[in-house]
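Visitor: Please find one structure pasted underneath; my questions will follow.
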Amino acid sequence: MLKVTETQEITFSKELLKQFDEIVTRYPEGKHKSALLPILHLVQAEFGWVSTASMDKVAAYLHILPIEVYEVTTFYTMFFLQPQGKYVLEVCRTGPCNLVGAEKMMQHIEKKLGVKEGEVTKDGLFSWRGVECLAACGMAPVLQIGPDYTYYEHLTTEKLDALVDELKSKKA
């Protein structure tokens with residue numbers, strides 16, 4: 001994954017553009033805007049987030065207005081509009097998870113990592129946020145960890161500490 005800042009010029013690699021081209025062929029002529037979501041997923045996978053500069057480049061590639069890309073990225077919470085940690089911890093915060101400790105888990109994450117929701121740890125390894133329903137109410141509280149979005153169910157502070165420590169050890 002390449003690191004990019006908000007003000008940095010964005011250049012899509014030939015390999016990435018080749019993937020864009022393949023995706024566009026899946027849609028009829030005149031309907032290339034339909035390729036927007038999969039292309040944005042590729043951009044985020046490449047850079048770790050979707051900057052305004054990258055959204056503008058996607059708009060130019062698809063021959064659509066930049067606002068059409070902004071509307072999509074600001075609607076869907078799966079797109080990150082600011083840099084994230086290597087691992088993104090997402091805690092379900094809806095009713096069922098809250099009833100069994102989601103708020104406690106989020107407070108514990110903030111304390112364990114030393115960063116508030118939406119911030120990135122100094123080492124660049126972690127960021128975290130509360131999210132809406134992860135569709136695992138029977139196994140609450142639930143955490144998913146990106147970039148592969150593995151689910152961790154029946155979360156406890158002990159399980160959370162072990163997960164974070166395991167991810168930290170992968171850095172070494």
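Visitor: List the number of the failed condition for residue 148; all other conditions in (1) buried (at least 16 other Cβ atoms within 10 Å of the Cβ); (2) part of a loop (DSSP other than H, G, I, E, B) hold.
Guide: Here residue 148 clears every test but (1).
Visitor: Quick check on residue 68: is it assigned to a helix (DSSP H, G or I), on the phi < 0 side of the Ramachandran plot and either open to solvent by 80 Å² or more (accessible area, probe 1.4 Å) or not charged (D, E, K, R) (or both)? Give the steps one after another, and end with the answer.
Guide: Details: assigned to a helix (DSSP H, G or I): yes; on the phi < 0 side of the Ramachandran plot: yes; either open to solvent by 80 Å² or more (accessible area, probe 1.4 Å) or not charged (D, E, K, R) (or both): no.
So residue 68 does not fit the description; no.
Visitor: When both residues are 6+ apart or on different chains and their Cβ atoms are under 8 Å apart, which pairs have a first residue that lies in the stretch 105-121 and is at negative phi, and a second that is open to solvent by 20 Å² or more (accessible area, probe 1.4 Å) and of a type outside the set (D, E, K, R)?
Guide: Short answer, once both residue conditions are applied: 105/157; 108/157; 120/83; 120/84; 121/113; 121/114.
Visitor: Assuming residue 141 fulfils every condition listed in (1) assigned to a loop (DSSP other than H, G, I, E, B); (2) open to solvent by 70 Å² or more (accessible area, probe 1.4 Å); (3) farther than 30 Å from residue 39 by Cβ apart from one, which condition is it?
Guide: (2)
Visitor: Scan the stretch 28-50 and tell me whether some residue there is in a loop (DSSP other than H, G, I, E, B), of a type in the set (D, E, K, R), open to solvent by 80 Å² or more (accessible area, probe 1.4 Å) and more than 20 Å from residue 127 (Cβ to Cβ). Outline the logic, then answer.
Guide: Of all residues in the stretch 28-50, those in a loop (DSSP other than H, G, I, E, B) come to 28-31, 48-50.
Okay, now just the ones that are also of a type in the set (D, E, K, R), so 29, 31.
If we keep only those that are open to solvent by 80 Å² or more (accessible area, probe 1.4 Å) as well, we get 29, 31.
Cutting the leftovers down to more than 20 Å from residue 127 (Cβ to Cβ) gives us 29, 31.
Within the stretch 28-50, one or more residues are in a loop (DSSP other than H, G, I, E, B), of a type in the set (D, E, K, R), open to solvent by 80 Å² or more (accessible area, probe 1.4 Å) and more than 20 Å from residue 127 (Cβ to Cβ).
Visitor: Tally the residues that are open to solvent by less than 70 Å² (accessible area, probe 1.4 Å) and either assigned to a helix (DSSP H, G or I) or touching a strand residue (DSSP E or B) at 6+ places or on another chain (Cβ under 9 Å) (or both), restricting the search to the stretch 153-165. Can you show your working first?
Guide: Here is the first cut: in the stretch 153-165, the ones open to solvent by less than 70 Å² (accessible area, probe 1.4 Å) are 155-157, 160-164.
With the extra rule that they be either assigned to a helix (DSSP H, G or I) or touching a strand residue (DSSP E or B) at 6+ places or on another chain (Cβ under 9 Å) (or both), the set shrinks to 155, 157, 160-164.
Residues that pass the stated criteria total 7.
Visitor: Need the failing condition index for residue 94 against (1) more than 21 Å from residue 39 (Cα to Cα); (2) open to solvent by 50 Å² or more (accessible area, probe 1.4 Å); (3) modelled with pLDDT under 90, just the number.
Guide: (2)
Visitor: Going through the stretch 97-109 one residue at a time, which ones are crowded, with 21+ Cβ neighbours inside 10 Å and more than 23 Å from residue 166 (Cα to Cα)?
Guide: Matches in the stretch 97-109: 97 only.
The values are calculated or read from the model by the stated rules, or taken from the named source; none is laboratory data. Quantities reported herein were computed from a predicted structural model and do not represent experimental measurements. Positions of Cβ are backbone-derived with ideal geometry, glycine not excepted, and every protein chain shown enters the neighbour counts. Quick note on the areas: whole protein, heavy atoms, side chains included, nothing else; ligands and nucleic acids left out. Shrake-Rupley method; radii C 1.70, N 1.55, O 1.52, S 1.80 Å.
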